[in-house]
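Colleague: Once you've had a glance at the structure underneath, I'll fire off some questions.
The values are calculated or read from the model by the stated rules, or taken from the named source; none is laboratory data. In this text the structure is predicted, and so the values were computed from the model without any measurement. With ideal geometry, Cβ positions are generated from the backbone for all residues, glycine too; neighbour counts draw on all protein chains shown.
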Amino acid sequence: MTISEALTVDQAIDRMERLQAALPPADGVAVFNRMYLRVTGLVRERLGAGYFADPAGMAELDALFAARYLDAVEADGDGRRPASCWRPLFDLRSQPGIHPLQFALAGMNAHIEHDLPLSVLDTCRLLGHRPEDVRADYHRINDLLAQVESEVREELLPGAEALRAAGPLLHVLGVWSIDRARDAAWATVEALWELRHAPAVEDAVAVALSRSVGMTSRALLTPME
């Protein structure tokens, strides 16, 4: 998959802020977008704070990462089909009976398990790096993702009384773990890097990955009512 537009981190945040202002708060894409804005804002704060070993490289990665999500937004807005991994979120964004946390995690699933490894590979090609060169900063970005995911789970899960009756919701949410997702994403980086000299095979694996990730997102978006 190619990125249709090169962005800076500031431009990505500007586009997400404009999208947030235009969407109803309960819209499934708006729920994920609000969460992702927090992540990208944290990355921007850390870029000048000595958090990353290679701030310029991580700015490039973060912008490429955001662009894949924004490409899905643009495709949907133009009446085109987003990548398979994103389709469940866009198709079910207004479906009754889906808890907001389900939308947030379905978006994270698509973005971490599909978009993140491909963005790492894009960054390596662009900057002449190998995956191992960016591994430490990759984990630092994932720490920020995990921080926001934990905060959003706490904010969006029902209160204690309702939680006792929320067995089906907890069962669905148990389908996905950010720790497993980031481990799987790095395994994808390593596998696709080994296929870089066989582009047809690499592309076929990336397409299959998008479809597989989309299946998990659809399971995460099982209506609770």
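Colleague: Name the single residue, out of those in the stretch 119-133 being surrounded by 14 or more Cβ atoms within 10 Å (Cβ to Cβ) and more than 18 Å from the chain's Cα centre (by Cα), that is farthest from Gly57 (Cα to Cα).
Modeller: Ranking the qualifying residues of the stretch 119-133, first place goes to Pro131.
Colleague: Would you check if Leu170 is in contact with a helix residue (DSSP H, G or I) (Cβ under 8 Å, 6 or more places away or on another chain), surrounded by 13 or more Cβ atoms within 10 Å (Cβ to Cβ) and not basic (Lys, Arg)?
Modeller: no
Colleague: Checking the condition farther than 22 Å from Val43 by Cβ and assigned to a helix (DSSP H, G or I), which residue from Glu202, Glu151 passes?
Modeller: When all the criteria are applied, what remains is Glu202.
Colleague: Which condition number in (1) over 15 Å from Ala181 (Cα atoms); (2) among the basic types (Lys, Arg); (3) at pLDDT 90 or above; (4) surrounded by 14 or more Cβ atoms within 10 Å (Cβ to Cβ) is the one that Arg140 fails?
Modeller: The one condition Arg140 does not meet is (1).
Colleague: Filtering the stretch 18-73 down to residues that are free of Cβ contacts under 8 Å to residues at least 40 places away in the same chain and not in a helix (DSSP H, G or I), which residue is surrounded by the most Cβ atoms within 10 Å (Cβ to Cβ)?
Modeller: Among those residues, the one meeting the criterion is Leu23.
Colleague: Something else about it: Are any residues in the stretch 93-118 out of contact with any Asp or Glu (no Cβ under 8 Å at 6 or more places or on another chain), of a type in the set (S, T, N, Q) and surrounded by fewer than 24 Cβ atoms within 10 Å (Cβ to Cβ), and if so, which ones?
Modeller: Gln95
Colleague: Considering only the stretch 74-88, state which residues are without any contact (Cβ under 8 Å) to a residue 60 or more places away in the chain and either assigned to a loop (DSSP other than H, G, I, E, B) or buried (at least 19 other Cβ atoms within 10 Å of the Cβ) (or both).
Modeller: Residues satisfying the conditions are Asp78, Gly79, Arg80, Arg81, Pro82.
Colleague: In the stretch 151-166, is there at least one residue being at pLDDT 90 or above, more than 17 Å from Leu89 (Cβ to Cβ) and not aliphatic (A, V, I, L, M)?
Modeller: Yes: the stretch 151-166 contains one or more residues that are at pLDDT 90 or above, more than 17 Å from Leu89 (Cβ to Cβ) and not aliphatic (A, V, I, L, M).
Colleague: Moving on. Can you find a residue that is hydrophobic (A, V, I, L, M, F, W, C), in contact with a His (Cβ under 9 Å, 6 or more places away or on another chain), over 30 Å from Val201 (Cα atoms) and modelled with pLDDT of 95 or more anywhere in the stretch 17-37?
Modeller: yes
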